[in-house]
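Colleague: One structure is given below, represented as structure tokens, and several questions about it will come after.
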């Protein structure tokens, strides 16, 4: 395997570990059967790496600019620019509605962006 691909997989594993192998939006997770999870385990479970600021908008390939999303939630984000890092799953949110309704998804993201602005002040 090429050295660059190994480095990318190691970075992905560090991001997934930081999120406890759980999607930041909906709570989908990869379950271990007593052994450490591998890159292939996580991708088979539907986890993906999301750039908070997409690379197509000059977002860096750093752990600080990455978060764990499942493939469904990452698809909903769809390369949107400058979205705030998503919160850890909130039980008060109807995630089925959010994930199946694009407007509800962006309402959640906009609310999180406002929260992050207030938190920074």
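Colleague: Of all the residues that make up region 53-74, how many are assigned to a loop (DSSP other than H, G, I, E, B) and either buried (at least 17 other Cβ atoms within 10 Å of the Cβ) or out of contact with any strand residue (DSSP E or B) (no Cβ under 6 Å at 6 or more places or on another chain) (or both)? Working first, answer last.
Modeller: Taking region 53-74 and keeping what is assigned to a loop (DSSP other than H, G, I, E, B), we get 53-54, 58-62.
Narrowing further to those that are either buried (at least 17 other Cβ atoms within 10 Å of the Cβ) or out of contact with any strand residue (DSSP E or B) (no Cβ under 6 Å at 6 or more places or on another chain) (or both): 53-54, 58, 60-62.
The total comes to 6.
Colleague: Taking the residues in region 20-38 that are free of Cβ contacts under 8 Å to residues at least 60 places away in the same chain and crowded, with 17+ Cβ neighbours inside 10 Å as candidates, determine which candidate is nearest to residue 74 (Cα to Cα). Don't jump to the end; show me each part of the working.
Modeller: So the first thing to find is which residues in region 20-38 are free of Cβ contacts under 8 Å to residues at least 60 places away in the same chain, and the list is 20-21, 28-38.
Now restrict to residues that are crowded, with 17+ Cβ neighbours inside 10 Å: 21, 28-30, 37.
Details: 21: 15, 28: 12, 29: 14, 30: 16, 37: 21 Å.
Among those that are free of Cβ contacts under 8 Å to residues at least 60 places away in the same chain and crowded, with 17+ Cβ neighbours inside 10 Å, it is 28.
Colleague: So residue 88 passes all but one of these: (1) at pLDDT below 80; (2) surrounded by 13 or more Cβ atoms within 10 Å (Cβ to Cβ); (3) within 18 Å of residue 18 (Cβ to Cβ). Which condition number does it fail?
Modeller: With respect to (1) at pLDDT below 80; (2) surrounded by 13 or more Cβ atoms within 10 Å (Cβ to Cβ); (3) within 18 Å of residue 18 (Cβ to Cβ), residue 88 is out only on (2).
Colleague: Can you tell me which residues in region 9-39 are in a helix (DSSP H, G or I) and in contact with a helix residue (DSSP H, G or I) (Cβ under 9 Å, 6 or more places away or on another chain)? It would help to see each step written out before you state the result.
Modeller: Applying the first criterion (in a helix (DSSP H, G or I)) to region 9-39 yields 9-18, 39.
Passing the criteria: 9, 10, 11, 12, 13, 14, 15, 16, 18, 39.
The values are calculated or read from the model by the stated rules, or taken from the named source; none is laboratory data. Note that the structure is a prediction, hence the values are computed from the model and not measured. Here Cβ is always computed from backbone atoms with ideal geometry, including for glycine, and neighbour counts include all displayed protein chains.
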